[in-house]
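K.L.:
Structure provided below as structure tokens; questions to follow.
The numbers here are math on the coordinates, done by the rules we state, and not lab data. None of these values were measured; they are calculated from a predicted model. Heads up, the Cβs are rebuilt from the backbone with ideal geometry, glycines too, and the neighbour counts pull from every protein chain shown.
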Amino acid sequence: MELITHHTRANELYQSKQYTQSLTAYQQAIKIYQTQNQWQKVWQCNNRIVQCYTQNAAFTQALALAKKNLELCCQKRYSLPDFVICKAATQRLIAQIFSKTFHYDKATKAFEQVLKTYLQHTDQYFSEAAQVYNALGNLHLKKLAYSTAFEYHQKALTLLQQHLNTANKATLQPMIAQTYNSIGMTYGEQGDFDTAIGYYQKSLKLKIRTFGNSEHADLAAPYNNIGINYYLKGEYETAQKYLLKAIEIRERVMGKGFHTVAGFYNNLAHIYLDKKEYQLSLKYFNAALHIRQKKQGLKNPLVAQSYIFLGNVYTALKQPEQALKYYHKSLYINSKQRLVPLDQLKLAHFTHHRFLFEALGKLSTLMHGQALTQAKQVELINTLAFIKNNVALLDAYIRTLYNKKDKIIFNKQLTLFCTQAIDILYQMAKLAPARRQLYQNEAFYFAERNKASVLSASLAEVDARRFANIPTDLLSQEQVLRQKVHFYNRKLLKSTGKQQQAYLNTSFETKRKYEQFVQRLEKDYPQYYHLKYKRRVASIKDVQQVIQPHEALLQYITGPTRSYVFVITQQDAHLIAIAPTKKLLPTIKAYYRKLQGGYPIGEFSQASNQAYQVLMAPLQPYLSQKTRLTVIPDWRLAKLPLSALITQLPRQTGLLTYSQLQYLIKDYEINCHYSASIWVKRPKTCAVKSLDFVAFAPFSEGTGKVLTTRFMSNALPASKIEVNTVLNMFKQEKMFAQAYLSEEASKNSFLAKSSKARIVHIASHSIYDRTNEKLARIYFSKNRKNGKEEDNYLLTGDIYNLRLCADLVVLSSCESGLGKSYKGEGMMSLTRSFLYAGARNIVFSLWRVNDRHTKNLMIRFYKAIVQQKMGFAQALQQAKQEIIAQQKHLHPKDWSGFAIVGH
């Protein structure tokens, strides 16, 4: 009776979150179980005590007992009904301790080992497997691998939902709620606060439904998470309401000094900081710090995070010396060893890399600001050395991420450091004009280091596979796995319900196999690793060796302090400062809106000339006798058509026609690219192809009202004229050309012919999906196979897996150059995917283009290529010039929507 009382009481105390009292009761129960040789019960109680220690942040005691209990488990294995599962349960607790003590690699390996055991008994232990999937997702989230984290949480959710029934609802619903919470975190970390709040609300509602009590302890977390995301949206009053509710629940149940309350205090303090209520902010940040120091020790990464937050307050208070002191404290607390000079830091020196990069970012911003203000060469040099080391640290960390989307998101931090380095070098060049060229060369490295780095790495990976002496059979395995990953990704995008769940499972497992395979290649073939990760960043000299005498390369870098343009010609290079981002953006947005929106000549010309004044006018002294511009835009500039910029504002607009405006395209042929490094490394011209030209016009038949190539219900009769006219041009020149119209222009026809052609032309519909960049697509005619209608489109992922060798791909369709834009990386568009697939030049559209005007532009474009033997950028320039001259009243939106990327 005494035994039952102790064990039952211990369980009740544990369920009510009274961990210290629960621990004592379990210890009393263990003494009696040991005398009775009930070793499974001893093992169970020990596991619970480990959990009590863990909940109270007593991780040293927890780990020691867990290891002891694992030994007990192995010693008494014949006394345990299912030894393997019991062992896995204790190993899982050890993995959780590793996770909470920031040993993420150890935790990942331990969880993966436990997962294998549970997956061998999935029918019985599916909930345990789901919890391990969630734990692995949380680990990837802590390592800033957001996309991978989402996949693990989605896997957990699918597993739990598949097994949910009336009998197990009370057990599984809290797990599902926790999974919703975890998925919300992946969205919130990436800045999608509304979607995050939606998942947190689902978690909260499910927990309330399960517990039937809005004051239950488990409700504190979703209240907190909803609050912090409202804060990040800038909705402070709503945020404060949720956060105070979370604090009230957590303190009432767990006590004011409980260690997780510290995180809630920090979130509330952030609201006060943004509201400039600095004393309240300091009050709550300090309260959180004291709890963390008391509960988790003075040398704990969470303490390091608290020092960052305190530094942020003093930065806002304009007390930089005090702020610097706290940021340095953060580094010291987070460091595993004696802190070395800031320009000699290594990843291995630190326990928590996320807090490391947060501290470095804050330190860098403060030091950068002070160095520019003081304008002393010594301070500038020291700050630059620190920033260089930060870039090296980020490079090393990004190599640990396998998902390209995660790398792209993480590059935001890299952008900050690279822009700051350029600011410093620009100032150093002003102070020491004799060393201007040296400093400019170094600045160009940082400008280019931040341009399309993931795309450059992807292209380097293709080369690495070719030149690293990897056996053919392994390359074939890699290709098959890569294609399988894309196949299941594609299925996921268009499936729903149970079918989607099945594809989620298969996709998840395939991605993990592919990642593991690539990791083995990197380990077994060092040359592959070296070629894959040693990115060759182009120098100014590299650019000058390939640039033509009549050409200039313009590299744009937008930044908060200043924006810049590198102007590089065959003989010289200049770094020109232009307006910072906050002044630049309103001007270029107004220009884009009034161009793309077809505004009247007066409003358009005013906006266009203002954009010209900030983007191009400062560069004109260095463009004398140049007729070709290759532009490497930055972020928001990527979708801006420079061709319609007006170089000189007309004195009066009343009697003017659009053709009389002085457009930039009248002076220059304009080519663009993602980065100078990719532009310089020009892919070899393909060997003689069996086709000079192949065209596809799947919507060329039919009549009716045709306004734009955007609307999928519309035929594109003008595309038939467009394609047939161009086809005849090639044939007249005795070239091999083919055209596929209407139902013959199928996806299968494209896949069969595109790899054999020098020029590929697609006159069709395309869609840029604003909610999911993976859904960008270009359409072909509908196809039937075995009586079933097949997909008639190519997604960006399909195009990435093509192997083209085309000198030119023309995407004569809507929005083919648009996609979600990432700072430094550029737009994730159809254009980018064709470049990766092997096309040397791509003509693309920036908005919804008119079918009839597109036809007129394309016919002139090809006439210049085929009959006048012009280069592609020059041909596009001439086509636009002819349309301007011949159609005097045509708004520039109808000819400037197409641009070219290439060489």
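K.L.:
Just to be sure I understand: if I project the alpha-carbon convex hull of the stretch 351-406 onto a plane and average over all orientations, what area do I get in nm²?
P.N.:
4.5
K.L.:
Moving on to the next point. Quick one: if you stick a label point 7 Å off each Cα along the C-beta vector at residue 71 and residue 235, how many nm between them?
P.N.:
5.5
K.L.:
Across the Cα atoms of the stretch 817-887, what radius of gyration and what greatest pairwise Cα-Cα distance (Dmax) are found, in Å?
P.N.:
Rg, Dmax (Cα atoms, Å): 14.1, 40.
K.L.:
Next question, about the same structure. Considering Cα pairs under 8 angstrom that are at least six residues apart, work out the relative contact order of the stretch 1-152 and quote it in whole percent. It would help to have the intermediate numbers written out before the result.
P.N.:
On the way: 168 pairs, mean separation 19.8, N = 152.
Rounded, it is 13 percent for the stretch 1-152.
K.L.:
Determine the calculated [θ] at 222 nm for the chain from helices alone, applying -39500 (n - 2.57) to every DSSP H run no shorter than 4 residues and normalising by the residue count; nearest 500 deg cm²/dmol.
P.N.:
-20000 deg cm²/dmol, from helical runs alone.
K.L.:
Shifting gears a bit: Among 393, 857, which comes first, then next, by fewest other beta-carbon atoms within 10 Å? Before the final figure, lay out the partial values.
P.N.:
Details: 393 21, 857 25.
Going from least to most buried by this count: 393, 857.
K.L.:
Cα centroids of the stretch 297-370 and the stretch 488-554: how far apart, whole angstrom?
P.N.:
33
K.L.:
Continuing with this model, one more query. Using every Cα-Cα pair within the stretch 1-124, state what percent have a distance larger than 19 Å.
P.N.:
Cα-Cα pairs in the stretch 1-124 separated by more than 19 Å: 50 percent.
K.L.:
Relative to the compact globular guide of 2.2 N^0.38 Å, what is the alpha carbon radius of gyration of the stretch 472-513, as a ratio?
P.N.:
The reported ratio for this selection is 1.26.
K.L.:
For the cross-link pairs 67/511; 451/541; 17/294; 41/155; 405/689; 41/67, which exceed 23 Å when the distance is taken from alpha carbon to alpha carbon?
P.N.:
Details: 67/511 33 Å; 451/541 17 Å; 17/294 20 Å; 41/155 32 Å; 405/689 35 Å; 41/67 17 Å.
From the list (67/511; 451/541; 17/294; 41/155; 405/689; 41/67), the Cα-Cα distance tops 23 Å for 67/511; 41/155; 405/689.
K.L.:
Using the number of other C-beta atoms within 10 angstrom as an exposure proxy, rank 799, 859 with the fewest first.
P.N.:
Ascending Cβ contact count within 10 Å gives the list 859, 799.
K.L.:
Then there's this: Does the chain classify as rounded, prolate or oblate by the C-alpha gyration tensor (a ≥ b ≥ c root eigenvalues; a/c under 1.5 gives rounded; else a/b over b/c gives prolate, otherwise oblate)? List each step's numbers first, then the result.
P.N.:
Working: a/c = 2.15, a/b = 1.60, b/c = 1.34.
Because a/c hits 1.5 or more and a/b exceeds b/c, the chain counts as prolate.
K.L.:
Let me make sure I get this right: for the stretch 164-287, a, b and c are the square roots of the gyration tensor eigenvalues over alpha carbons, sorted descending. Under 1.5 in a/c it's rounded, otherwise prolate if a/b > b/c, else oblate. Which is it?
P.N.:
Since a/c reaches 1.5 but b/c is at least a/b, the shape of the stretch 164-287 is classed as oblate.
K.L.:
With a ≥ b ≥ c taken as the square roots of the eigenvalues of the C-alpha gyration tensor of the stretch 102-156, please select rounded if a/c is under 1.5 and otherwise prolate if a/b is larger than b/c or oblate if it is not? Mind dumping the intermediate values first?
P.N.:
Working: a/c = 3.03, a/b = 1.51, b/c = 2.00.
Oblate.
K.L.:
Residue 649 to residue 527: extension gain in nm, 0.36 nm per residue of separation minus the Cα-Cα distance?
P.N.:
Numbers: separation 122, 0.36 × 122 = 43.92 nm, distance 5.66 nm.
Full-extension gain reported as 38.3 nm.
K.L.:
Follow-up. What relative contact order, as a whole-number percentage, does the chain give when Cα pairs under 8 Å and 6 or more residues apart are counted?
P.N.:
7
K.L.:
Which order results if 465, 252 are arranged by neighbouring Cβ count within 10 Å, fewest first?
P.N.:
Ordered from fewest to most neighbouring Cβ atoms within 10 Å, 465, 252 come out as 252, 465.
K.L.:
Peptides 660-667, 557-564: what's the order by average Cβ count within 10 Å, highest mean first?
P.N.:
557-564, 660-667
K.L.:
Have a look at the DSSP beta bridges in the chain and tell me what percent are antiparallel, nearest 5.
P.N.:
Values: 28 of 56 bridges.
The antiparallel proportion sits near 50 percent.
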